[in-house]
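The structure that follows is given in the form of structure tokens.
Just so it is clear, none of the values below were taken in a lab; they were calculated from the coordinates. If you're wondering where the values come from, they're calculated on a predicted model, not measured in any experiment. Glycine also receives a Cβ, built like all others from the backbone with ideal geometry; neighbour counts cover every protein chain displayed.
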């Protein structure tokens with residue numbers, strides 16, 4: 001009986017997601033396990049794990065399990081006189097009936113998502129678009145049918161995967177309900193991209209970004225200040241600005257380089273084969289990138305890694321997920337960088 005109840009509510013949850021899809025913001029639905037590329041020298045997220053495609057049936061079973069939690073919480077809420085609203089009391093009652101939920105890896109996430117309005121979803125893990133198009137369409141349609149309150153679905157994607165998909169397939173995926181793609185650009189400089197084994201060139205990044213936009217997706221591109229090190233910082237800054245300007249995504253998100261212990265890049269730093277920029281040098285690089293950037297979207301510093309401070313010790317940039325609108329607030333960003341450089 002206990003085993004049967006556990007299976008009813010059993011679903012997988014991965015670890016990683018963008019900050020803007022964290023907390024109660026998004027339901028985490030796992031379509032694949034880990035990263036199909038998994039060679040980037042700066043990244044330690046999936047290095048000890050093997051990539052796996054999950055079957056459509058597995059994913060649907062997860063969605064059904066999530067729906068079962070929702071439905072049983074609503075039923076308990078009605079019994080408690082709360083009219084079916086997802087409440088803390090209903091969650092306590094469900095846990096009392098099913099104690100294994102205390103250690104369920106995704107129950108708290110799902111509960112908070114339901115309480116917050118059940119509006120947004122993030123598809124895990126590192127590159128959901130690698131699924132066959134017909135299978136991804138089936139999952140998206142099932143997910144939205146099961147949770148009709150959903151207003152936005154997002155996922156990570158690789159530029160090369162986007163390029164390899166036909167425009168018709170991409171448009172069908174967008175039409176089926178995948179709204180936003182989060183893409184790791186990292187750099188627009190080909191030498192830097194080769195050094196970090198990104199598996200994409202500047203041209204592939206441009207083609208992938210432009211193709212995503214042509215298919216109707218909202219697009220977030222991530223870049224890493226400092227990734228060129230002391231040797232390549234100017235090329236990294238200028239070419240990243242060039243590539244991002246050619247794409248003109250809705251969002252550009254800064255993720256400053258911080259070597260991850262155990263990665264090849266961290267080893268290169270330790271062996272003095274890669275010279276990290278100081279905080280001030282990172283700001284100088286950032287200024288060059290922002291100066292040469294010509295886009296109409298938003299530039300965001302929505303991560304703790306954007307640590308630069310002014311003379312009063314306060315963070316230079318807002319860490320809002322919506323960031324700064326360009327070109328209207330470009331000078332504001334440049335002025336903030338100058339303020340940091342005067343510290």
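At what distance in nm do the modelled label points of residue 51 and residue 260 sit from each other, each positioned 7 Å from its Cα along Cα→Cβ?
Placing both labels 7 Å beyond Cα along the Cβ direction yields 1.5 nm.
In degrees from 0 to 90, rounded to the nearest 10, what is the angle of the helix 133-146 Cα long axis to the longest principal axis of the chain?
Computed tilt is about 50 degrees.
Taking just the C-alpha trace of segment 171-343, give me its Rg and Dmax in Å.
Final numbers for Rg and Dmax: 16.1, 50 Å.
For residue 329 and residue 79, what is the calculated FRET efficiency with R₀ set at 56 Å and r taken between the beta-carbons, to the nearest 0.05? Provide the component values of the computation, followed by the final result.
Numbers: r = 51 Å, r/R0 = 0.92.
Between residue 329 and residue 79 the formula returns 0.65.
Remind me, relative contact order of the chain in percent, using alpha carbon pairs under 8 angstrom and six or more residues apart? Before the final figure, lay out each step's value.
Working: 617 pairs, mean separation 48.7, N = 343.
Computed value for the chain: 14 percent relative contact order.
I've got another one for you. Segment 134-159 to segment 46-70: how many Å between their Cα centroids?
13
Applying a 10 Å radius around every beta-carbon, put 198-207, 333-342 in order of their mean neighbour count, most first. Could you put the intermediate results ahead of the total?
Values: 198-207: 20.5, 333-342: 16.4.
Highest mean packing first, the order is 198-207, 333-342.
Expressed as a rounded percentage, what relative contact order does segment 171-343 have, with Cα pairs under 8 Å and six or more residues apart?
Details: 297 pairs, mean separation 34.0, N = 173.
The value is 20 percent.
For a quick size check, give me the Cα extents of segment 68-123 along its three principal axes, largest first, whole Å.
Each principal axis gives a Cα extent; for segment 68-123 these are 33, 24, 16 Å.
Angle, helix 330-341 long axis vs. longest principal axis of the chain, Cα atoms, 0 to 90°, nearest 10?
70
A further question follows. GNM on the chain, C-alpha springs below 10 Å: top fluctuator among 190, 57, 125?
57
Using the reciprocal of the averaged 1/r over all distinct C-alpha pairs, how large is the Kirkwood radius of segment 1-157 in Å? Each step should come with its number before you reach the end.
On the way: mean 1/r = 0.0610 Å⁻¹.
Evaluated over segment 1-157, this radius sits at 16.4 Å.
Separate question: Could you work out how far apart the two model spin labels at residue 307 and residue 267 are, taking each label as a point 7 Å from the Cα in the direction of the beta carbon, and quote it in nm?
With each label placed 7 Å out from Cα toward Cβ, I get 2.5 nm.
Using a simple spin-label model with points 7 Å from Cα along the Cα→Cβ vector, what separation in nm is obtained for residue 133 and residue 88?
Reported label-point gap for residue 133 and residue 88 is 4.9 nm.
Grab the alpha carbons of the chain, take their convex hull, and tell me the volume per residue in Å³.
Roughly 148 Å³ of hull volume per residue.
Expressed as a whole number of Å, what is the distance separating the alpha-carbon centroids of segment 203-238 and segment 241-279?
A separation of 12 Å, based on Cα centres.
Against the longest alpha carbon principal axis of the chain, how many degrees, from 0 to 90 and to the nearest 10, is the axis of helix 56-79 turned?
Orientation of helix 56-79: about 60 degrees from the principal axis.
What is the fewest-to-most order of 51, 317 by other Cβ atoms lying within 10 Å of their Cβ? Walk me through the numbers on the way to the answer.
Details: 51 16, 317 22.
Listed from fewest to most nearby Cβ atoms, that is 51, 317.
Could you grab the relative contact order for segment 15-55? Cα pairs under 8 Å, six or more apart, rounded to a whole percent. Don't skip to the end; give the middle numbers.
Working: 24 pairs, mean separation 17.5, N = 41.
The normalised contact order for segment 15-55 reaches 43 percent.
Add -39500 (n - 2.57) for each DSSP H run of 4 or more in the chain, then divide by its residues: what number comes out at 222 nm, to the nearest 500 deg cm²/dmol?
On the way: 13 runs with 151 residues, N = 343.
Calculated mean residue ellipticity at 222 nm is -13500 deg cm²/dmol.
Oh, and also: Just 34, 98, 25 to compare: in a GNM of the chain, with alpha carbon springs under 10 Å, which one fluctuates most?
Sorting by GNM fluctuation, first place goes to 98.
Here is a further query. Suppose R0 equals 30 Å; then what is the FRET efficiency for residue 145 and residue 166 from their Cβ-Cβ distance, rounded to the nearest 0.05? Please list the in-between numbers first.
Details: r = 25 Å, r/R0 = 0.84.
That gives a FRET efficiency of 0.75.
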